[in-house]
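Participant: One structure coming up, written as structure tokens, with questions to follow.
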Amino acid sequence: MTDTPLAPEGIRSASLDPREFIRANLRLSPVPSLPGIRLYTAHPGSGLWRLSRPDKENAAPYWAYQWPGGLALAHYILERKEAVAGRSVLDLGAGSGLVAIAASKAGAHKVTAAEIDPHAAAALRLNAEANGVAVEIATDDLTADPPPPMDVALVGDLFYERGLAERVTAFLDRCLGAGVTVLIGDPGRAHLPRARLRALAEYPVPDFGGGGSAGASRSTVFLFEPG
């Protein structure tokens, strides 16, 4: 990855309009092997450090790259539209909105994308507009609360850090208790709750930050089951 997440002293991301910055500096590009979906994506000259958030932890612009778990989940949804068609869907930790956009294109009745990073939420809105889909955006952290009304929860690549994985798993348990179907896309991160998963499909997808040019890794779509 060529963009550094650290901003030089004296430069503050608050002075920038994220929507205008993303439009001007990121490329609206097709997602490899997902015809019909385009996303604003980072490239070597995008200057993403200017949107860094030095006041926050874990503020790197992960949303500007396509993660393998989300790519696999988007593939699965578009191949098996019946998984979401006519249903109310939540994309948890939506990033730039790839999975939410795929769900909308697959015929979901309602799609909510949960994303707490305001820069990611700005990119998500732009990406939804560029793809001509309707996506509601929730910017609160949903993992500490009861799940909102929905039929399906979609989780792409959220098990890379222990604390986050524990919060997400607890939230997904509450989803199961409310009768929600939970689908997870993941390449096998360290804190994936493997004992609770049933593999549904596997896809060769570019690894994080590859922009479609990196060697393919394997990413799996799982059904999350009761413990």
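Participant: For the stretch 149-192, which positions are assigned to a helix (DSSP H, G or I) and of a type in the set (Ser, Thr, Tyr)?
Facilitator: Across the stretch 149-192, the qualifying residue is only Thr169.
Participant: Here is a further query. Give Thr181, Thr220, Thr143, Thr139 a once-over and let me know the one that is surrounded by 17 or more Cβ atoms within 10 Å (Cβ to Cβ) and over 20 Å from Glu79 (Cα atoms). Can you show your working first?
Facilitator: Numbers: Thr181 fails: over 20 Å from Glu79 (Cα atoms); Thr220 fails: over 20 Å from Glu79 (Cα atoms); Thr139 fails: surrounded by 17 or more Cβ atoms within 10 Å (Cβ to Cβ).
After ruling out the rest, the residue left standing is Thr143.
One line per residue, one yes/no per condition, for (1) within 21 Å of Phe21 (Cβ to Cβ); (2) at pLDDT 95 or above; (3) assigned to a loop (DSSP other than H, G, I, E, B):
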| site | (1), (2), (3) |
| --- | --- |
| Arg50 | yes, no, no |
| Ala60 | yes, no, yes |
| Ala103 | no, yes, no |
| Arg125 | yes, yes, no |
| Glu129 | yes, yes, no |
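Participant: Still on this structure, I have one more. If Pro146 meets every condition in (1) in a loop (DSSP other than H, G, I, E, B); (2) within 27 Å of Leu28 (Cα to Cα) apart from one, which number is that one?
Facilitator: It is condition (2) that Pro146 fails.
Participant: Among Gly156, Gly179, Gly188, which is in contact (Cβ under 8 Å) with a residue 24 or more places away in the chain and out of contact with any strand residue (DSSP E or B) (no Cβ under 6 Å at 6 or more places or on another chain)?
Facilitator: Values: Gly156 fails: out of contact with any strand residue (DSSP E or B) (no Cβ under 6 Å at 6 or more places or on another chain); Gly179 fails: in contact (Cβ under 8 Å) with a residue 24 or more places away in the chain.
Criteria check complete, one pass: Gly188.
Participant: Here are some residues: Thr169, Thr181. Which one is within 12 Å of Leu92 (Cβ to Cβ) and either assigned by TED's automatic domain parsing to the domain that holds Asp91 or among the polar types (S, T, N, Q) (or both)?
Facilitator: Result of the check over Thr169, Thr181: Thr169.
Participant: Here's another thing I want to ask about it. Restricting to the stretch 94-113, and then to whatever is in contact with a Gly (Cβ under 7 Å, 6 or more places away or on another chain) and small (Gly, Ala, Ser), can you tell me which residue is nearest to Leu164 (Cα to Cα)?
Facilitator: Among those that are in contact with a Gly (Cβ under 7 Å, 6 or more places away or on another chain) and small (Gly, Ala, Ser), it is Gly95.
Participant: Right, here's the next one. Filter the stretch 193-208 down to residues that are of a type in the set (D, E, K, R) and assigned to a strand (DSSP E or B) and give me whichever is surrounded by the most Cβ atoms within 10 Å (Cβ to Cβ). Before you say what the answer is, go through the steps one by one.
Facilitator: Step one: list which residues in the stretch 193-208 are of a type in the set (D, E, K, R), which gives 194, 196, 198, 202, 207.
Checking which are assigned to a strand (DSSP E or B) leaves us with 198, 202.
On the way: Arg198: 8, Glu202: 15.
In this case the residue turns out to be Glu202.
Participant: Considering only residues that are assigned to a helix (DSSP H, G or I) and small (Gly, Ala, Ser), look in the stretch 76-101 and name the one that is farthest from Thr112 (Cα to Cα).
Facilitator: Residue satisfying both the conditions and the ranking: Ala83.
The values are calculated or read from the model by the stated rules, or taken from the named source; none is laboratory data. In this text the structure is predicted, and so the values were computed from the model without any measurement. A quick note on method: Cβ atoms are made from the backbone with ideal geometry, for glycine too, and the neighbour counts reach across all protein chains shown.
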